[in-house]
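Below is one structure, written out as structure tokens, with a few remarks after it.
The values are calculated or read from the model by the stated rules, or taken from the named source; none is laboratory data. Note that this is a predicted model, so its numbers are computed, not measured. All Cβ positions, even for glycine, are placed from backbone atoms using ideal geometry, and neighbour counts span all protein chains on display. Keep in mind that these areas ignore ligands, DNA and RNA; they rest on the heavy atoms of the full protein, side chains included. Shrake-Rupley method; radii C 1.70, N 1.55, O 1.52, S 1.80 Å.
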Amino acid sequence: MSLRPYIVGNWKMNGLRSTMADARAIDRAAARYPAVDVGLAPPFTLVHAMAEAAQDSAVGGQDCHAKPNGAFTGDVSAPMLLDAGAGFVIVGHSERRAIHAEDDAAVRAKAEAALVAGLSVIVCVGETEAERDAGKAEAIVAGQLHGSVPQGEGAADRLSVAYEPVWAIGTGRVPSVDDVGAMHRSIRADLVKLYGAAGKGVRILYGGSVNAGNASELLAADEVGGALVGGASLTAENFAPIIHAAAMLVEG
Ligand code: PGA
């Protein structure tokens, strides 16, 4: 792994104030592995509390609106996330794309809003099972990437990309290490096309059913710079071994 590994937990719509103990335990685990960047993205309701408690991990949102403020009932903007203590935001998760009908242009607008606000951003891409079966996975992901990553001066500097095959999310199924490597190489080539040399510094995370048992081999695949972890990020017991696996790859 040539870049600093980045291990991010996506709590999705899980977590109450009573689960802050898990966040604190994850933060203590992060402290044990200084070679790894650790992030946790709780629901909006916990962002502030977690940011106050976190010493060795970054806290992020799972989505943001493209506008900084206005009449958008129920939405939260990037400057609000920053104000609550967040350092990053995930945009374009497949659950947002599917359930909230977010297209590439909407994802790009959110990513650019996040950068303007001063946040780092993780842009998610990934094919469905039907798209993979049809041999279109790389083309679909390339299309999403070109349509949804932020544009403009310095846009690559605070960007990470998460490759999350939709069929691997929450299913316990993962692509082969070869397939992960092939997709990540293809994403890297596209990032270099889009950003020039700066595209080489963008971390490409793998996401979809990462757990303590498969993290080492997935993280060792070509061009994998970390992981975006859902279910296995909810407790330190499950998440810490994934951080440990990343640390072992860089520390040996
Ligand atoms: P999972 O979710 O690890 O539970 O598969 C990953 C994600 O959706 O980010």
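Filtered by the rule that a residue be away from the ligand (no atom under 14 Å from the Cβ) and among the hydroxyl-bearing types (Ser, Thr, Tyr), the range 213-244 gives a lone residue, SER216. When the range 149-178 is filtered for residues that are open to solvent by 50 Å² or more (accessible area, probe 1.4 Å) and within 16 Å of the chain's Cα centre (by Cα), the ones remaining, listed by number, are ASP157, ARG158, VAL166, GLY170. Scanning the range 98-135 for residues that are charged (D, E, K, R), open to solvent by 40 Å² or more (accessible area, probe 1.4 Å) and within 19 Å of ALA41 (Cα to Cα) yields one hit, GLU112. For the range 65-84: of the residues being open to solvent by less than 60 Å² (accessible area, probe 1.4 Å) and touching a strand residue (DSSP E or B) at 6+ places or on another chain (Cβ under 6 Å), which is farthest from GLU52 (Cα to Cα)? Here the answer is HIS65.
Can you pull out the residues in the range 146-178 that are more than 27 Å from ALA109 (Cβ to Cβ), of a type in the set (D, E, K, R) and more than 16 Å from the ligand (Cβ to nearest atom)? Across the range 146-178, the qualifying residue is only ASP178. Taking every residue in the range 1-28 that is more than 16 Å from ALA232 (Cβ to Cβ) and of a type in the set (Lys, Arg) and pairing it with any residue that is in a helix (DSSP H, G or I) and at pLDDT 95 or above, at least 6 positions away or on another chain, the pairs with Cβ-Cβ distances below 8 Å are ARG17/LEU46; ARG17/ALA49; ARG24/ALA53; ARG28/ALA236. Report every pair of residues separated by at least 6 positions or lying on different chains whose Cβ atoms are under 8 Å apart, first residue within the range 230-242 and over 11 Å from ASN211 (Cβ atoms), second open to solvent by less than 40 Å² (accessible area, probe 1.4 Å) and in a loop (DSSP other than H, G, I, E, B). Between residues of the range 230-242 that are over 11 Å from ASN211 (Cβ atoms) and residues that are open to solvent by less than 40 Å² (accessible area, probe 1.4 Å) and in a loop (DSSP other than H, G, I, E, B), the close pairs are LEU234/TRP11; LEU234/GLY15.
Close contacts from the range 95-112, counting a first residue that is of a type outside the set (S, T, N, Q) and a second that is in a helix (DSSP H, G or I) and crowded, with 17+ Cβ neighbours inside 10 Å, with Cβ to Cβ under 7 Å and a gap of 6+ residues or different chains, come to GLU102/ARG96; ASP104/GLN144; ASP104/SER148; VAL107/SER148; ARG108/SER148; ALA111/SER148.
Please determine, by comparing only the residues of the range 119-131 that are within 16 Å of the ligand (Cβ to nearest atom) and not acidic (Asp, Glu), which one is farthest from ILE90 (Cα to Cα).
Residues of the range 119-131 that are within 16 Å of the ligand (Cβ to nearest atom), as a first pass: 121-129.
Remaining after also requiring not acidic (Asp, Glu): 121-126, 128.
Numbers: VAL121: 6, ILE122: 5, VAL123: 6, CYS124: 7, VAL125: 11, GLY126: 14, THR128: 19 Å.
Taking the candidates together, the pick is THR128.
Filtering the range 13-31 to residues that are open to solvent by 50 Å² or more (accessible area, probe 1.4 Å) and under 16 Å from VAL229 (Cβ atoms) leaves MET13, ASN14.
Looking only at the range 179-213, filter to residues that are out of contact with any helix residue (DSSP H, G or I) (no Cβ under 9 Å at 6 or more places or on another chain) and touching a residue at least 40 places away in the same chain (Cβ under 8 Å); which one of those is surrounded by the fewest Cβ atoms within 10 Å (Cβ to Cβ)?
Our first condition is that a residue be out of contact with any helix residue (DSSP H, G or I) (no Cβ under 9 Å at 6 or more places or on another chain); within the range 179-213, this holds for 181, 184-185, 196-197, 203, 205.
Narrowing the set further to residues that are touching a residue at least 40 places away in the same chain (Cβ under 8 Å) leaves 181, 184, 203, 205.
On the way: GLY181: 18, HIS184: 20, ARG203: 21, LEU205: 25.
Per the stated criteria, the residue is GLY181.
Of the residues examined, ARG203 is one that is basic (Lys, Arg) and within 15 Å of the chain's Cα centre (by Cα).
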